[in-house]
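Inspection log for the structure reproduced underneath, given as structure tokens.
The values are calculated or read from the model by the stated rules, or taken from the named source; none is laboratory data. For clarity, every value in this text was computed on a predicted model and none was experimentally measured. Ideal geometry is used to build each Cβ from the backbone, glycine not excepted, and the neighbour counts take in all protein chains shown.
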Amino acid sequence: MSVEIKRPIIMLADDDIEIRRILVRALNDLDAEVLEASDGEEALETIIQRQPDLVILDVMMPTLSGWELCKYIRSKPNLEHIAVLMLTAIGRTVNEMTSPLYGADAYMDKPFDIQEVLETVNTLLTEKRSH
């Protein structure tokens, strides 16, 4: 009898197609199912329907900001299992001050080191699995 380990689902929301392309390529190496959204509304629909294990959110996106999405996720008990990584170019100080206020589990600034993103994603997925 073998135990099947469920592949994690990662949702990436960023309006910059190049950022999404780079991150999707890297995240595919983690043997995860990677979902994409190009704006906040599309991201919200995907989060509600698929309930990913982790979301990576840009702050400045059309329709809904990453902050609004993070706040929504944290306000819903059925979504509390979702880890949130804010990945944004708003500036280190603003990111550092605001991301924890909205309930993000981690935050990183653009430009980013792809290896650091992957390490953070792995850490967040491991932490969420152990709870």
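As a summary of the residue check, L64 satisfies the conditions (1) out of contact with any strand residue (DSSP E or B) (no Cβ under 8 Å at 6 or more places or on another chain); (2) surrounded by fewer than 18 Cβ atoms within 10 Å (Cβ to Cβ) except for the one numbered (2). Out of all the residues in region 17-43, which are assigned to a helix (DSSP H, G or I), touching a residue at least 12 places away in the same chain (Cβ under 8 Å) and surrounded by fewer than 12 Cβ atoms within 10 Å (Cβ to Cβ)? Within region 17-43, I17, D29 qualify. Cβ separations smaller than 7 Å between residues 6+ apart or across chains give the following pairs from region 103-131 residues that are closer than 25 Å to Y72 by Cβ to residues that are of a type in the set (S, T, Y): A106/T120; Y107/S99; M108/T120; D109/T88; K110/T88. Taking residues in region 46-69 that are within 11 Å of V34 (Cα to Cα) and in contact (Cβ under 8 Å) with a residue 24 or more places away in the chain, and partners anywhere that are assigned to a loop (DSSP other than H, G, I, E, B) and β-branched (V, I, T), the pairs with Cβ atoms closer than 7 Å and at least 6 places apart or on different chains are P52/I82; D53/I82; L54/I82; V55/I82. What number of residues in region 44-66 are in a helix (DSSP H, G or I) and under 24 Å from Q115 (Cα atoms)? Residues flagged as in a helix (DSSP H, G or I) and under 24 Å from Q115 (Cα atoms) within region 44-66 amount to 1.
Filtering region 19-36 for residues that are under 15 Å from the mean Cα position of the chain (by Cα), β-branched (V, I, T) and under 21 Å from E80 (Cα atoms) leaves a non-empty set.
Within region 84-124, restricting attention to residues that are buried (at least 19 other Cβ atoms within 10 Å of the Cβ), of a type in the set (S, T, N, Q) and under 21 Å from V24 (Cβ atoms), the residue that is modelled with the lowest pLDDT is T88.
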